[in-house]
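None of the figures in this text is laboratory data; all of them are computed from the coordinates on show. Values in this document were obtained by computation on a predicted structure and should not be read as measured data. Every residue, glycine as well, gets a Cβ built from its backbone with ideal geometry; the counts of neighbours run over all protein chains shown.
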Amino acid sequence: MDFKYFIPTTIEVGLGLSESVGDMYHKMNSNTVFVITDKGIVKAGVLNRILESLEKYSISYEIYDEVIPNPTAESIMSGVEKLKASGAKQVLAVGGGSSIDTAKGVAIMTNNPGNILDYEGVGILKKRGMDLTVIPTTAGTGSEVTASTIVTDSDSKFKAAIISPFLFPNRAILDANLIVDLPQEITAATGMDALTHAIESYTSKTANPISQALALQAIKMISNNIEKTFFVGSDIVSRENMLVASLLAGAAFSQSRLGNVHAISHTFGGVFDIPHGIANATLLPFVMEFNLPACPEKMADIAEAMGENIHELPSYEAGKMAIKSVVSLNESLNIPTNIKEIGVDLDYLPKLVEDSMRSGNVLINPRLTRSSDVESIIINAYQGRLSI
């Protein structure tokens, strides 16, 4: 049982914590902060109290709100130029996965030459980036505690993964006050994104006892809280539980990585610009069905963590219950039952297969996967065809 586990990010959880960042930076003797976010966050007023906290200590700031869904190399490198011109020594990310991934890319490229796409792969970055604090405003990506950032190559429409321990943020601040007004559709997509992370991490070939413990706890917490956040919304306890669960899933897959859902869904984001969470959620049952013969015992564990009664059921039958539970959750949260509904076009099938097989996640998927398997998964998902 040989494995390593490393997570250097300092994690703070608490209501209202985002309003104390000024005090944090004051203690760090920071004079200028570069804030990375998106226009929706700015328009919604999410930044207001955070900026007031900085102003309280006369800390100047510059806002870069050009974050886009499925961040491109161009958007990140533009942020790098703006950051260098600002003179700031600290980066603060406020937003969902796209904002955090953008901030990670911007911070790291201040100390590494060239274009961020030069560093596609594992362990290629040479130096640490600028000091980075992240405040997630969705409960889904877990990017606040992962060693990776996903960048779209605009020319090839390929979503490249840059993976390095240098990409771990220095600090993650989880404040559920910031997500209490999250729209239902985003609550659903990001919550199911977190569940996908946890399930793929738990079944990954490179999982270890620590990552699996975190993943299983994340599955339990998401299953117990996601519907309440969707149907009630204002329940602060379930919102905070989802934030923590998302972080746990991120901390799990930062070590184990993921599997075929992400290998395929990243191609959907690159080619069709489909939001990552909704692509994952829709694909998840079809990949779980494909993987079931390779890991029925782990699927049974997932079913139990999701609250299914698997008493005296054989592992394979219990594993089917995990798939049915995910299907039921998707239906409850208004997630489409097939990928055709989210904008996938089978005219692009050869590219989707080719780009999916390029992902390192295929290699650690629990079931051996060939190009023909990826093609079958995509076709089944397009037709909404499950055999369970």
Could you pull the Cα extents of segment 8-78 along its three principal axes, largest to smallest, in whole Å? 34, 28, 24
Residue farthest toward the positive end of the dipole of segment 1-112, with Cβ of Lys/Arg at +1 and Asp/Glu at -1: which of Met109, Thr32, Gly79? Thr32
Could you tell me the distance between the Cα centroids of segment 260-298 and segment 326-377, to the nearest Å? 5
Past 31 Å, Cα to Cα, is the threshold; run Lys228/Lys324; Lys157/Lys320; Lys4/Lys351 against it and keep the listed order. Lys157/Lys320; Lys4/Lys351
Give me the Kirkwood hydrodynamic radius of segment 227-334, using the inverse of the mean 1/r over all pairs of distinct Cα atoms, in Å to one decimal. 15.3
A correct Karplus calculation of ³J(HN,Hα) over segment 312-325, with 6.51 cos²θ - 1.76 cosθ + 1.60, θ = phi - 60°, whole Hz and x for Gly and Pro, returns 6, 7, x, 3, 5, 5, 5, x, 4, 5, 5, 5, 4, 5
Across segment 134-149, in residue order, what do the Karplus-derived ³J(HN,Hα) couplings come to in whole Hz, using 6.51 cos²θ - 1.76 cosθ + 1.60 with θ = phi - 60° and x for Gly and Pro? 10, 10, x, 10, 9, 10, x, 6, x, 4, 5, 9, 10, 9, 8, 9
Report relative contact order for segment 184-383 in percent, whole number only (criteria: Cα-Cα under 8 Å, sequence separation at least 6). 26
Would you list which lysines come within 27 Å of Lys84, measuring only between C-alpha atoms, while excluding same-chain residues fewer than 8 positions from it? Lys27, Lys39, Lys43, Lys56, Lys104, Lys126, Lys127, Lys159
The helix 349-358 Cα axis meets the longest alpha-carbon principal axis of the chain at an angle in degrees, between 0 and 90 and rounded to 10, of 70
Taking the Cβ of each residue in Phe253, Phe3, Phe168 as the centre, tally the other Cβ atoms inside 10 Å and list the residues starting with the fewest. Phe3, Phe168, Phe253
Would you grab the residues whose amide H sits under 5 Å from the one on Ala93? Only those 5+ places off in sequence or on another chain, please, with H modelled 1.01 Å from N. Ile36, Thr133, Val134, Ile135
Could you tell me what percent of the DSSP beta bridges with both partners in the chain are antiparallel, to the nearest 5? 25
Roughly how big is the chain's charge dipole about its Cα centre, with Cβ charges of +1 (Lys, Arg) and -1 (Asp, Glu), in debye to the nearest 20? 780
Over its Cα atoms, what ratio of radius of gyration to 2.2 N^0.38 Å does segment 184-383 give? 0.95
Would you mind listing how long segment 294-388 runs along its three principal axes, going by Cα atoms, in whole Å with the largest first? 44, 31, 20
Would you please give the residues with an amide H less than 5 Å from that of Gly121, counting only those at least 5 places away or on a separate chain, with H modeled from the backbone geometry? Ala161, Ile162, Ile163
Rounded FRET efficiency, nearest 0.05, which uses the C-beta distance separating Tyr5 from Lys89 and R0 of 35 Å: 0.70
If each residue's Cβ is checked for other Cβ atoms within 10 Å, how do Leu117, Leu248 rank with the fewest at the top? Leu117, Leu248
On average over all directions, what projected area in square nanometres does segment 124-213 have, based on the convex hull of its Cα atoms? 8.0
From the residues Ala44, Gln184, Ser20, which one has its Cα farthest along the dipole of the chain in the positive direction, the dipole being from +1 and -1 charges on Cβ of Lys/Arg and Asp/Glu about the Cα centre? Ser20
Computed FRET efficiency, Cβ-Cβ of Leu368 and Glu12, R0 41 Å: what is it to the nearest 0.05? 0.50
Regarding segment 10-178, what's the average projected area of the Cα-atom convex hull, expressed in nm²? 8.8
What three numbers, in Å, describe the spread of the alpha carbons of segment 198-262 along their principal axes, ordered from the longest? 38, 22, 15
Give me D for the chain in µm² s⁻¹, whole number, from Stokes-Einstein with Rh from the Kirkwood sum over alpha-carbon pairs, 37 °C and 0.692 mPa s. 158
